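The structure appears right after this line, and notes come after that.
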Amino acid sequence: MMIKPKPFSIKTLERAARFVSWITRRRFNKMVISEAEIKPNHSYLLMCNHFSFWDGVWAIYLTLNGIHKQQAVTGFYIMSLKRQMEKNWWLKYIGAFSISPGPRSVEESLTFAAEILSTPGNLLLFYPQGNLESSHVRHIEFQQGVATIVPKIQGNCQLVWCSILTEYFESLKPSVYFNMLDCGDNHHFDFETLKQQVNEHHLLSIKKNIRFTTEP
């Protein structure tokens, strides 16, 4: 049975922003967002590469500073593995709901995700790789979840990708670079086109983050 989230409104998210701001100042040199234009009167499927313990904190920072400041986000949700939610009971209180292996469970979770995204203002954080991988992989491998969720969405939903990269350079603390990409909406969705867009953008983001080395 799917573990459902407790309501996690933008007001709660804004209250969490103080902690997020405090922890990011302590742990990181700087946080740099390369913004994408966010469409009004949409829901938002925010997809990111999944590579770190910090991913959730960074996603909250990105939601508040890269999306909510352009267009109001009213609800924040995360799809999480059920075994992680069973170990970390508090996840459901920050908008997480579960997904676990098995056709019936997966279908229930993906349908619930589409229902969330059928309401304007809702944002769903989704990691399409399905596994932790290095941020420096040159190819983002998508699982089938996005291809199942998007066609089920009713209304208008913007698809947003963000390649998140870290680097130290001259600092003792890492800097975090958020490279956002507008991937269109659910009405013009093509899974193969999305994968191509994301992978081209991810490579460009890596190249942009390399200061002097030119790769073949």
Every listed condition ((1) in contact (Cβ under 8 Å) with a residue 24 or more places away in the chain; (2) assigned to a helix (DSSP H, G or I); (3) surrounded by fewer than 19 Cβ atoms within 10 Å (Cβ to Cβ)) holds for residue 61 save (3)
Please verify whether segment 149-161 includes one or more residues that are within 23 Å of residue 201 (Cα to Cα), of a type in the set (S, T, N, Q) and modelled with pLDDT of 95 or more. yes
Checking the conditions here, which among 50, 42 is within 17 Å of the chain's Cα centre (by Cα) and farther than 23 Å from residue 74 by Cα? 50
Looking at (1) part of a helix (DSSP H, G or I); (2) under 16 Å from the mean Cα position of the chain (by Cα), can you tell me which one residue 141 breaks? (1)
Output the number of residues of segment 166-194 satisfying the condition of being out of contact with any Cys (no Cβ under 8 Å at 6 or more places or on another chain), surrounded by 11 or more Cβ atoms within 10 Å (Cβ to Cβ) and closer than 18 Å to residue 135 by Cβ. 8
So if I check each of 171, 135, which one is in a loop (DSSP other than H, G, I, E, B), among the hydroxyl-bearing types (Ser, Thr, Tyr) and over 17 Å from residue 50 (Cα atoms)? 171
Without any contact (Cβ under 8 Å) to a residue 60 or more places away in the chain, buried (at least 16 other Cβ atoms within 10 Å of the Cβ) and either touching a Lys or Arg at 6+ places or on another chain (Cβ under 7 Å) or among the hydrophobic types (A, V, I, L, M, F, W, C) (or both): does that describe residue 67? no
Which ones in segment 80-131 are within 14 Å of the chain's Cα centre (by Cα), within 19 Å of residue 142 (Cβ to Cβ) and in a strand (DSSP E or B)? 80, 124, 125, 126
Test result for residue 99, modelled with pLDDT of 95 or more, surrounded by 15 or more Cβ atoms within 10 Å (Cβ to Cβ) and not small (Gly, Ala, Ser): no
Every residue in segment 6-56 that is modelled with pLDDT of 90 or more, β-branched (Val, Ile, Thr) and crowded, with 17+ Cβ neighbours inside 10 Å, please. 33, 38
Where a residue in segment 119-146 is over 17 Å from residue 185 (Cα atoms) and at pLDDT 90 or above and its partner, wherever it lies, is part of a helix (DSSP H, G or I) and β-branched (Val, Ile, Thr), with Cβ under 6 Å and at least six apart: 140/198
For residue 161, all conditions in the list (1) touching a helix residue (DSSP H, G or I) at 6+ places or on another chain (Cβ under 9 Å); (2) aromatic (Phe, Trp, Tyr); (3) assigned to a loop (DSSP other than H, G, I, E, B) hold save one; what is the number of the exception? (3)
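The values are calculated or read from the model by the stated rules, or taken from the named source; none is laboratory data. The shown structure was predicted, so the numbers you read here are calculated from the model rather than taken from an experiment. Cβ coordinates were reconstructed from backbone atoms using ideal geometry, including for glycine residues, and neighbour counts include every protein chain displayed.
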